[in-house]
Amino acid sequence: MQLPVMETAKVKTGKELLGEKWVEWISVIEVPVENFVRKNEYVLSTGIGCEDDPVLLEQFVKDVIDSGASVLAFATGRYIYHIPDRVLQVAKNHQFVIIDIPWEVRFGDILETVLQEIHADRQEERQQAEEIRQELINCVLQNKELQDIAKILYNHIKIPIAITDNLNTIRANEKFNEKTLNVFIMNKSGIRQLIPQSEVLNSEHPLYHHMDEYMIEQQMCFQLTIVNNHKKQGSLLINPEDRHQLSWYVMNVLEHALTACALYFLKENAIEMTEIRLKDNFILNLAKHHNEVNDQLIAKAQLLGYDLSRPYLCIAGEISINETKAQKTPTEEKDMQPRSSLQSMNYYLQKEITNAGKVLHRRTMATFDEGEVIIYVEADHHPYMETANQFLDLIERRVNELLPDIELSWGIATHKDGHFVFYESYEEARTALDIGRKNHGTGERTFFSDTKMNRLLMALSHKKEISEIVKDTLEPLLEYDKKRQTDLIYTFMVYNKYKGNVSQTARALNLHRQSLLHRLRNIESLTGLSLVDSDDLFLLDLSVRLWMLKKI
């Protein structure tokens, strides 16, 4: 109500509730309501269809109230000139907010303003969650204890926290009710009841589906499992007073806390660390060294849980930080930041790689090497592009939510035949990645099979004689463009794209037809080549492509 766009609006009922109501979304709804309004929504309506029927209008308001909306705003002056007293009485009885907005105020202005506020609020929450993630990861890397992690969590979400290991030993407790812990962990006398999943608070956040809810001596308790390398390492317990404390922000923080706890247990378990290093080194050697896939290598892979007898796609990825999104760290934390971020990113990626493999029922092998991730994904009869896109979609959907400041670039190659299949497919995936980054920048997927032209041009560009031909062909155009501030090369690229169609080229360049023809005549006179001669056209096109590749 304090927004400028609401200056002429009047609160008809529930003025005392304005400080208590939350708005999580805004929409425009007319009759019928049905299932189109969700909880905590700001509903705008003109009342169309109800203008001559107060009973229908009253039912409309009741339906909006029953949906769990926070507020209903009517635009009065066209279909409804004043809100009937019987409707206002219904709202008062249900402690519901109704607002009267003059017809002249556009819904579009209200929608834009409110959505900007909601987006700014969520952006702030994401930023806070990111700061907490870094704080938690640094806590682990600085050799602090689980109690320190619990204290950080409590300071930020104000919900009692306890952490146990896989033996149900309480390793940390911050404000958690002792009696509740004794009943839950140590099976001491008391009432402990598991709430069915169907009755747990409904939310879109993925973490809710991994959360068990209990009622212990009238106390609400939620349990999250800490998993590392497919093994349960312990549990994170929270003791909220009310389910609604578990907001999206709190769930994001708890997800980061699970990561921090998993990393803590990872450091604590030396044997498991050794196994992970062995697997990483094995896959890294498989990809980057010219090792023949023989019986000895297959047997070694089996000891580590891998089956090299199956076909695999190779996906080479590169992790980069989007500087515009990345948080700036204080000077005193700069030394810790790279190590912290890299380990955290690798953990999240490894988790999502494993999950994606389970969802698609495919074996996976993955390793990391200084900002590069190498993944082998089991292939089958499906087209390899479809398989790779499905797999990467699953990974990126979650990683982009958890780590919004990073960008992932991918190069993908299909399974090869022969004795050096893993090395060769990695080389192709890496080539595709490099070409994709040069041509399109970061954050893209490039398939090796789509890079034939680029690879041909790259091979040609290294030959001295061809470089001289390109220089002799394009130098007059480059000098002319520089001197006259024109762009003849770009004009030719567009002309060639439209296969010599002058009208289409002129429209694309926003030029008069005669101006375009003048440019084309200049290109022919400067290069000595004819644009209607197929050999000349091919030479000019090839020269431009090689020049652009070298420029990139």
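Some observations on this one:
- Residue selection: ILE83 satisfies the criterion of being in contact (Cβ under 8 Å) with a residue 60 or more places away in the chain and surrounded by 19 or more Cβ atoms within 10 Å (Cβ to Cβ).
- Of the criteria (1) modelled with pLDDT of 90 or more; (2) open to solvent by 30 Å² or more (accessible area, probe 1.4 Å); (3) under 29 Å from LYS438 (Cβ atoms), which one THR491 fails: (2)
So that you can scan it fast, the table gives a plain yes or no per residue for (1) open to solvent by 60 Å² or more (accessible area, probe 1.4 Å); (2) farther than 15 Å from LEU286 by Cβ:
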position: ARG398; (1), (2): no, yes
position: TRP410; (1), (2): no, yes
position: LYS416; (1), (2): no, no
position: TYR423; (1), (2): no, no
position: ARG430; (1), (2): no, no
position: ASP434; (1), (2): no, yes
position: LYS438; (1), (2): yes, yes
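- Counting only residues that are farther than 30 Å from LEU224 by Cα and of a type in the set (Phe, Trp, Tyr), segment 261-305 holds 1 of them.
- Number of positions in segment 43-80 that are in a strand (DSSP E or B) and either open to solvent by 20 Å² or more (accessible area, probe 1.4 Å) or within 17 Å of PRO102 (Cβ to Cβ) (or both): 8
- Some residue of segment 282-300 being surrounded by 18 or more Cβ atoms within 10 Å (Cβ to Cβ), among the β-branched types (Val, Ile, Thr) and assigned to a strand (DSSP E or B): no
- Qualifying residue in segment 466-486 (condition: outside any helix (DSSP H, G or I), β-branched (Val, Ile, Thr) and either at pLDDT 90 or above or over 21 Å from LYS438 (Cβ atoms) (or both)): yes
- Criterion violated by GLU428 - all others in (1) in a loop (DSSP other than H, G, I, E, B); (2) in contact with a Cys (Cβ under 8 Å, 6 or more places away or on another chain) satisfied: (1)
- Taking the criterion of being assigned to a helix (DSSP H, G or I) and over 16 Å from ALA9 (Cβ atoms), the residues of segment 81-101 that qualify are ASP85, ARG86, VAL87, GLN89, VAL90, LYS92, ASN93.
- Scan of segment 504-541 for residues that are open to solvent by less than 50 Å² (accessible area, probe 1.4 Å) and farther than 19 Å from ARG484 by Cα, ordered by number: THR505, ALA506, LEU529, SER530, LEU531, ASP536, LEU537, LEU540, ASP541
- Of all residues in segment 379-417, those being touching a helix residue (DSSP H, G or I) at 6+ places or on another chain (Cβ under 7 Å) and either over 30 Å from ALA129 (Cβ atoms) or among the hydroxyl-bearing types (Ser, Thr, Tyr) (or both) number 8.
- Of the residues in segment 262-277, none is within 30 Å of ILE118 (Cβ to Cβ), assigned to a helix (DSSP H, G or I) and not charged (D, E, K, R).
- Test: TYR426 is hydroxyl-bearing (Ser, Thr, Tyr) and either on the phi > 0 side of the Ramachandran plot or out of contact with any helix residue (DSSP H, G or I) (no Cβ under 7 Å at 6 or more places or on another chain) (or both): no
- Selection within segment 163-212 - touching a Leu at 6+ places or on another chain (Cβ under 9 Å) and at pLDDT below 75: LEU201, SER203, HIS205
- Checked against the criteria, GLN147 counts as open to solvent by 10 Å² or more (accessible area, probe 1.4 Å), without any contact (Cβ under 8 Å) to a residue 60 or more places away in the chain and more than 25 Å from PRO404 (Cα to Cα).
Here's the yes/no breakdown for (1) touching a helix residue (DSSP H, G or I) at 6+ places or on another chain (Cβ under 9 Å); (2) of a type outside the set (Lys, Arg); (3) not in a helix (DSSP H, G or I):
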| position | (1), (2), (3) |
| --- | --- |
| SER503 | yes, yes, no |
| LEU511 | yes, yes, yes |
| HIS518 | no, yes, no |
| LEU529 | yes, yes, yes |
| ASP535 | no, yes, no |
| VAL544 | yes, yes, no |
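- Qualifying positions in segment 242-272 - touching a residue at least 24 places away in the same chain (Cβ under 8 Å) and charged (D, E, K, R): ARG243, GLU255, LYS267, GLU272
- So ASP109, is it part of a strand (DSSP E or B), farther than 18 Å from GLU255 by Cβ and open to solvent by 10 Å² or more (accessible area, probe 1.4 Å): no
- Taking each residue of segment 519-546 that is on the phi > 0 side of the Ramachandran plot and looking for partners that are open to solvent by 30 Å² or more (accessible area, probe 1.4 Å) with beta-carbon atoms closer than 9 Å, six or more apart or interchain, yields GLY528/PRO476; GLY528/ASP536.
- Scan of segment 478-488 for residues that are more than 44 Å from the chain's Cα centre (by Cα) and either of a type in the set (Gly, Ala, Ser) or open to solvent by less than 100 Å² (accessible area, probe 1.4 Å) (or both), ordered by number: TYR480
The values are calculated or read from the model by the stated rules, or taken from the named source; none is laboratory data. Keep in mind that this is a model prediction, so the values were computed, not measured. Here the Cβ is made from the backbone with ideal geometry for all residues, glycine too, and neighbour counts use every protein chain on show. The area values use the complete protein model at the heavy-atom level, side chains included, leaving out ligands, DNA and RNA. Shrake-Rupley method; radii C 1.70, N 1.55, O 1.52, S 1.80 Å.
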